[in-house]
Amino acid sequence: MTNILRQETSLSPYRVLDLTDEKGYMCGQILGGLGADVLKIEPPGGDRGRRIGPFYKDIVKPENSLYWFAYNVNKRSITLGLEKSEGREIFKKLIKATDFVVESFPPGHMDKLGLGYSVLSQINPGIIYTAITPYGQSGPYSKFTGSDITCMAASNYMWLSGDADRAPLRISVPQAYIHGGSEAAMASLIAFWHRQLTGEGQVVDVSIQESLLWMCLNAQATWDLNHVLLKREGQFRVFGSYRMRQIFKCKDGHVVYMMIGGSVGTRGQKALVKWMDGEGMANDLLKSIQWETFDARTYDDQLSRQLEPLFERFFLTKTKQELFKAALKMSFLLAPLENIVDVLQSEHFRARDFWVEIQHPEFDANLTYPGAPFKSNEVSWVFNRRPPLIGEHNDEVYGQELGLSQKQLAFLKQSEVI
């Protein structure tokens with residue numbers, strides 16, 4: 001973190017009770033990053049997300065889950081069985097000093113336990129109660145179960161992902177839950193701002209499907225304006241009457257390249273063709289193109305297929321960085337398509353101190369995590385806790401903060417309440 005950032009955090013006086021499974025981890029992670037005290041409440045034995053791989057050094061056990069590590073930084077962990085009456089009474093005690101509750105149970109589950117908003121708001125009228133579900137708390141789909149892939153499928157996201165001549169694709173790394181959790185954090189903070197102005201708490205209802213719909217707004221607008229149903233185009237993008245290829249192989253991977261002319265692209269395209277010609281890789285057709293008038297009205301699909309192989313043959317003689325540096329110098333539209341190794345080794349991220357090392361003493365190792373998603377001269381992003389072990393903070397919370405004795409804690413543990 002750069003030295004201009006102060007150590008103040010915007011949510012440091014406030015507490016979050018995080019009851020989510022993987023559908024909502026990101027919400028608590030963001031609130032924790034802003035300084036809130038996030039208590040991750042796990043069932044006795046641990047959260048099911050701890051069983052999601054991959055695992056640290058391929059050792060399969062709940063406290064080695066890299067998936068868990070990724071989304072539970074800056075949280076404390078307590079175990080609590082809400083199905084037991086003693087567990088529910090402890091939860092109500094915690095609510096008295098809590099500002100946010102975040103949960104991802106099926107609609108009505110917390111009401112059945114006697115822990116819904118109507119009950120909790122009687123204990124703490126200022127509580128912000130955020131519920132994250134696949135399809136929201138109301139409507140004909142609200143009782144449906146969902147997964148990352150079904151939420152993506154139901155949102156139109158998958159329809160736009162993949163190649164035109166193949167089935168739709170789910171992005172390989174889970175995305176739906178991350179969008180839902182991120183929108184939940186934003187909505188919770190809006191509700192919190194309302195509370196700061198009025199003193200009133202409220203319910204925040206987050207639909208993961210609806211969160212994903214916001215990622216497809218161009219598809220909705222294209223239908224509304226032109227009655228054109230956008231579809232997946234793989235490495236292509238449709239512009240008017242032709243399909244522009246955007247992904248090309250190069251010597252050490254792939255680049256994103258846009259072959260456009262007019263006022264935006266003419267200078268760069270001429271420079272690129274001159275470079276290609278200097279290495280004997282531009283034919284007469286390519287050299288004859290009038291880039292000043294090259295646009296969707298003058299360019300067709302047939303010409304596109306003739307020109308694209310020329311660029312790829314040239315790109316295959318260069319590395320991603322060679323092409324990127326040339327693009328910056330010559331002003332043609334190209335960028336490297338970076339993999340995770342490229343990102344980890346990026347001089348740009350290093351210059352911004354983006355990556356953060358967090359100590360995991362149980363492994364005698366420091367693990368690398370993504371850092372702050374923003375820079376500010378007022379508020380810093382917090383990285384002061386590695387993801388917690390199962391029930392790691394039971395004594396701290398139940399003993400020191402709620403005042404339960406060791407005898408009481410032993411009884412609760414034996415009774416599988418904690």
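The values are calculated or read from the model by the stated rules, or taken from the named source; none is laboratory data. Because the structure is predicted, anything quoted here is derived from the model rather than measured. Glycine also receives a Cβ, built like all others from the backbone with ideal geometry; neighbour counts cover every protein chain displayed.
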Practice task
Among what's in the range 378-418 and is among the polar types (S, T, N, Q) and under 24 Å from the mean Cα position of the chain (by Cα), pick the residue that is nearest to P44 (Cα to Cα).
Solution key: N384
Handout entry: Check on S331, more than 30 Å from M158 (Cβ to Cβ), of a type in the set (S, T, Y) and in contact (Cβ under 8 Å) with a residue 60 or more places away in the chain
Key = yes
Handout entry: Residue check for L337: within 36 Å of the chain's Cα centre (by Cα) and at pLDDT 95 or above
Key = yes
Practice task
Have a look at N74, N156 and point out the one that is crowded, with 22+ Cβ neighbours inside 10 Å and on the phi > 0 side of the Ramachandran plot.
Solution key: N74
Exercise for the section: Answer yes if at least one residue in the range 334-349 is surrounded by 13 or more Cβ atoms within 10 Å (Cβ to Cβ) and more than 27 Å from S172 (Cα to Cα), and no otherwise. Expected result: no
Exercise for the section: Could you grab the pairs with beta carbons closer than 8 Å, sequence gap of 6+ or different chains, first residue in the range 260-278 and within 24 Å of F236 (Cβ to Cβ), second one among the acidic types (D, E) and assigned to a helix (DSSP H, G or I)? Expected result: G261/E292; G262/E292; T266/E292
Exercise for the section: Consider only pairs whose beta carbons are under 6 Å apart and that are at least six residues apart or on different chains; among these, list those whose first residue lies in the range 201-229 and is within 30 Å of L120 (Cα to Cα) and whose second residue is in a strand (DSSP E or B). Expected result: G201/I128; V203/Y129; V204/T130; D205/A131; V206/I132
Exercise for the section: Check K93 against each of (1) touching a strand residue (DSSP E or B) at 6+ places or on another chain (Cβ under 8 Å); (2) of a type outside the set (A, V, I, L, M); (3) under 26 Å from L11 (Cβ atoms) and name the one condition it does not meet. Expected result: (1)
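Taking helices (runs of 4 or more DSSP H) that fall entirely within the range 72-154, which contain at least 1 residues that are basic (K, R) and touching a residue at least 12 places away in the same chain (Cβ under 8 Å)?
Values: elements: 85-95, 109-112, 117-123, 148-154.
It comes to 85-95.
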Handout entry: Residue list for the range 47-69, filter: under 20 Å from K23 (Cβ atoms) and crowded, with 19+ Cβ neighbours inside 10 Å
Key = D47, G49, R50, S65, W68, F69
Handout entry: Candidate set: the range 305-333, residues that are in contact with a Lys or Arg (Cβ under 7 Å, 6 or more places away or on another chain) and of a type outside the set (S, T, Y); chosen: the one surrounded by the most Cβ atoms within 10 Å (Cβ to Cβ)
Key = F315
Practice task
Filter the range 363-411 for residues that are among the β-branched types (V, I, T) and either buried (at least 17 other Cβ atoms within 10 Å of the Cβ) or closer than 15 Å to S77 by Cβ (or both) and give the result.
Solution key: V379, V382, I390, V397
Problem - Residue ID - nearest to D342 (Cα to Cα), chosen from residues in the range 229-275 that are modelled with pLDDT under 95, small (G, A, S) and surrounded by fewer than 17 Cβ atoms within 10 Å (Cβ to Cβ) - result: G234
Practice task
Report yes if Y369 is among the aromatic types (F, W, Y) and in the same structural domain as L285 (by TED's automatic domain parsing), otherwise no.
Solution key: no
Practice task
Among the residues of the range 216-228, write down those that are surrounded by 13 or more Cβ atoms within 10 Å (Cβ to Cβ) and closer than 24 Å to Y257 by Cα.
Solution key: C216, A219, T222
Practice task
Please enumerate the residues belonging to the range 94-112 that are out of contact with any His (no Cβ under 9 Å at 6 or more places or on another chain), buried (at least 16 other Cβ atoms within 10 Å of the Cβ) and not polar (S, T, N, Q).
Solution key: L94, I95, D99, F100, V101, V102, F105, P106, P107, H109, M110
Completion exercise
Note: among E392, E357, E362, E416, just one is touching a Gly at 6+ places or on another chain (Cβ under 7 Å) and within 26 Å of R51 (Cα to Cα), namely E416
Practice task
Only residues that are surrounded by fewer than 20 Cβ atoms within 10 Å (Cβ to Cβ) and either among the hydrophobic types (A, V, I, L, M, F, W, C) or modelled with pLDDT under 95 (or both): list them for the range 113-142, please.
Solution key: L113, V119, I123
Practice task
Scan the range 143-198 for residues that are farther than 22 Å from C27 by Cβ and in contact with a Cys (Cβ under 7 Å, 6 or more places away or on another chain) and jot them down.
Solution key: N156, L160
